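S.K.: Please read through the structure below; I'll follow up with questions.
The values are calculated or read from the model by the stated rules, or taken from the named source; none is laboratory data. The structure presented is a predicted model; accordingly, all values stated were derived computationally and were not measured. Virtual Cβ from ideal backbone geometry, glycine too; neighbours counted across all protein chains shown. Ligands, DNA and RNA are excluded from the accessible area calculation, which covers all protein heavy atoms including side chains. Shrake-Rupley method; radii C 1.70, N 1.55, O 1.52, S 1.80 Å.
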Amino acid sequence: MRTTFSTSVSAGAKSAAARDYVQRGWTVAETTNGLCLITDADLSAVEVTGELAASVRRYLRANNLTGPVIEIPGAERREIHLVTGMRKAERAVEALRAAGAVVHTDGDGIPLPPTHLSAGSASWGVAPDESRWIPPVVALGAAVRSALARRPRRLTSVA
């Protein structure tokens, strides 16, 4: 059975956002509920959730590395950070995936604001106009490594 969601995204808002994204050089597709960024080697994304997302955002802010961040509504914090430099970052991508991050590239689509999703609308946590750049994926890799290194170690009991 197909599930559809009503959309509160007006045609005008969708068109204006699409024009802005295309002017930035992004590949954008229109969907029933909004807009979708089509990722490639030049513009990709890294998705992090929960406490890791909060720690990554703090690290990036503290080190002046913050780029555009899309917030996805839901029960758990979920952020999608736009990144560049995928061609030269194979090890960083492997490390991000091993840490539980989802790397979106090679034609993957990600929702762009003001796309309506099942739990609400995608929104900018940090809009492209508010950030000084789109950081390289290795910056996100460093943020994830730092966040994981700062996590308290869990003790395991040996029976």
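S.K.: Of the numbered conditions (1) touching an Asp or Glu at 6+ places or on another chain (Cβ under 8 Å); (2) open to solvent by less than 10 Å² (accessible area, probe 1.4 Å); (3) at pLDDT below 95, residue 69 fails exactly one; give the number of that condition.
M.R.: Result: residue 69 fails condition (3) only.
S.K.: Can you give me the number of residues within region 105-121 that are within 17 Å of residue 47 (Cα to Cα) and in contact with a helix residue (DSSP H, G or I) (Cβ under 6 Å, 6 or more places away or on another chain)?
M.R.: 1
S.K.: Next question, about the same structure. Looking at region 39-56 only, could you name the residues that are within 18 Å of residue 73 (Cα to Cα), of a type in the set (D, E, K, R) and either more than 11 Å from the chain's Cα centre (by Cα) or open to solvent by less than 10 Å² (accessible area, probe 1.4 Å) (or both)?
M.R.: Listed by number, the list holds a single entry, 51.
S.K.: State all residues of region 122-148 that are of a type in the set (A, V, I, L, M, F, W, C), in contact with a strand residue (DSSP E or B) (Cβ under 7 Å, 6 or more places away or on another chain) and under 20 Å from residue 40 (Cα atoms); if no residue qualifies, say none.
M.R.: Within region 122-148, 134, 137, 140 meet the criteria.
Conditions tested, residue by residue: (1) among the acidic types (Asp, Glu); (2) at pLDDT 95 or above.
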position	(1), (2)
79	yes, yes
84	no, yes
123	no, yes
133	no, yes
139	no, yes
152	no, no
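S.K.: Just name the residue that is modelled with the highest pLDDT out of those in region 8-29 that are open to solvent by 50 Å² or more (accessible area, probe 1.4 Å) and among the hydrophobic types (A, V, I, L, M, F, W, C).
M.R.: 22
S.K.: Looking only at region 109-143, count how many residues are open to solvent by 40 Å² or more (accessible area, probe 1.4 Å), in a loop (DSSP other than H, G, I, E, B) and of a type in the set (A, V, I, L, M, F, W, C).
M.R.: 3
S.K.: Inside region 80-98, can you point out the residues that are assigned to a loop (DSSP other than H, G, I, E, B) and out of contact with any strand residue (DSSP E or B) (no Cβ under 6 Å at 6 or more places or on another chain)? It would help to see each step written out before you state the result.
M.R.: Residues of region 80-98 assigned to a loop (DSSP other than H, G, I, E, B): 85, 89.
Of everything in region 80-98, just one residue is assigned to a loop (DSSP other than H, G, I, E, B) and out of contact with any strand residue (DSSP E or B) (no Cβ under 6 Å at 6 or more places or on another chain), namely 89.
S.K.: Any idea how many residues of region 70-79 are over 12 Å from residue 54 (Cα atoms) and assigned to a strand (DSSP E or B)?
M.R.: First, the residues of region 70-79 that are over 12 Å from residue 54 (Cα atoms): 70, 72-75.
Subsequent filtering for residues that are assigned to a strand (DSSP E or B) retains 70.
So the answer is 1.
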